[in-house]
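Asks: This is the structure I have questions about; it appears just below.
The values are calculated or read from the model by the stated rules, or taken from the named source; none is laboratory data. In this text, all values refer to a predicted model and were calculated from it rather than measured experimentally. All Cβ positions, glycine included, derive from the backbone under ideal geometry; neighbour counts span all protein chains shown. What goes into the accessible areas is simple: the full protein's heavy atoms, side chains included, and nothing from ligands, DNA or RNA. Shrake-Rupley method; radii C 1.70, N 1.55, O 1.52, S 1.80 Å.
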Amino acid sequence: MPERYAAEVVLFDLDGTLVDTLPDLTEAANRTLVELGLPPRTQGEIATFVGQGIGELVRRALGAAVAADSARLETALQVFRRHYAQVNGNDSRLYPGALETLETLRDAGRKLAVVTNKASQFTLPLLERMGILSYFAAVVSGDTLPVKKPDPAMLRYALTQLGASSPIAAVMVGDSRNDALAARALEMPVFLVTYGYSEGQPIHEVPCTAYLESLPEVLNFLA
Ligand SMILES: O=C(O)COP(=O)(O)O
Ligand SMILES: [Mg+2]
């Protein structure tokens, strides 16, 4: 029997954990690259660029040489925002079991929050479009605070918003080292899904409380 955690709060990462956003991120990135006269990227490449927000995604997609030109980088970011606003959600899908997991947690009286490095202009419409916005009592996005994960401030902010008594009363569920480092800085248990993006790093190299092959497995760890 695994150890069980009496979490009053469950914090969820978004991209690669709740929702497979890679098709739309790839489409927006490639529309951006083509518009700028640069070669498109494969979905596999883009997967390794996701995790630290759209600024990092665009910088990595451009490549180091082009991204070193700050004016081009800024233009590319604006172009990406325009394209992603158009496609955000078109081909994104909830991962198997995500909806059922949120339902079960809510029905058990736990408070849920999204803590994502995705910019808020994209986070809220995506949650709405996936039909899951109403499950969350708080949504902390990549531009809500001056810092992003792995800085633990985003998690702390979510706990404050939910009125959680302490980080020990919460667990985090994510797909990358950014999630793991942020949670571990607060000594919060952290579960990593093995189907996400993990910025191209083998997920089993990232220390965590336990790995989840599917989202509903988190229920086995909650008291
Ligand atoms: O926007 C990103 O790069 C990743 O977002 P996430 O924190 O929901 O994985
Ligand atoms: Mg993620």
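Asks: Going through the range 36-62 one residue at a time, which ones are among the hydroxyl-bearing types (Ser, Thr, Tyr) and either within 19 Å of Asn117 (Cβ to Cβ) or within 12 Å of ligand 1 (Cβ to nearest atom) (or both)?
Replies: Matches in the range 36-62: Thr48 only.
Asks: If you don't mind, another one. Select from the range 11-35 the residues that are outside any strand (DSSP E or B) and either within 11 Å of ligand 1 (Cβ to nearest atom) or small (Gly, Ala, Ser) (or both) and list them in ascending order.
Replies: Within the range 11-35, Asp13, Leu14, Gly16, Thr17, Leu18, Thr21, Leu22, Leu25, Ala28, Ala29 meet the criteria.
Asks: So, one more: Would it be correct to say that Arg41 is within 20 Å of Ser141 (Cβ to Cβ), outside the structural domain of Leu127 (by TED's automatic domain parsing) and away from ligand 2 (no atom under 16 Å from the Cβ)?
Replies: Criteria not met by Arg41.
Asks: Let me ask something additional. Got a number for residues in the range 172-186 being farther than 11 Å from Ile203 by Cα and either in contact with a helix residue (DSSP H, G or I) (Cβ under 9 Å, 6 or more places away or on another chain) or within 11 Å of ligand 2 (Cβ to nearest atom) (or both)?
Replies: Residues that pass the stated criteria total 8.
Asks: Yes or no: the range 62-79 includes at least one residue that is part of a helix (DSSP H, G or I), modelled with pLDDT under 95 and open to solvent by 70 Å² or more (accessible area, probe 1.4 Å).
Replies: yes
Asks: Which residue is surrounded by the fewest Cβ atoms within 10 Å (Cβ to Cβ), if the candidates are limited to the range 176-196 and must be small (Gly, Ala, Ser) and away from ligand 1 (no atom under 11 Å from the Cβ)?
Replies: Here the residue is Ala185.
Asks: For residues in the range 86-100 being open to solvent by less than 10 Å² (accessible area, probe 1.4 Å) and more than 16 Å from ligand 2 (Cβ to nearest atom), which is nearest to Leu18 (Cα to Cα)?
Replies: That would be Gly89.
Asks: Could you go through the range 92-103 and let me know if any residue there is in contact with a Lys or Arg (Cβ under 9 Å, 6 or more places away or on another chain) and either within 16 Å of ligand 1 (Cβ to nearest atom) or of a type in the set (Lys, Arg) (or both).
Replies: Yes.
Asks: Answer yes or no as to whether Ser141 is under 15 Å from the mean Cα position of the chain (by Cα) and either crowded, with 21+ Cβ neighbours inside 10 Å or assigned by TED's automatic domain parsing to the domain that holds Leu14 (or both).
Replies: So Ser141 passes the test.
Asks: Consider Ala98 carefully, then state whether it is within 13 Å of Val10 (Cβ to Cβ) and out of contact with any Ser or Thr (no Cβ under 6 Å at 6 or more places or on another chain).
Replies: Considered against the rule, which asks whether it is within 13 Å of Val10 (Cβ to Cβ) and out of contact with any Ser or Thr (no Cβ under 6 Å at 6 or more places or on another chain), Ala98 comes out as yes.
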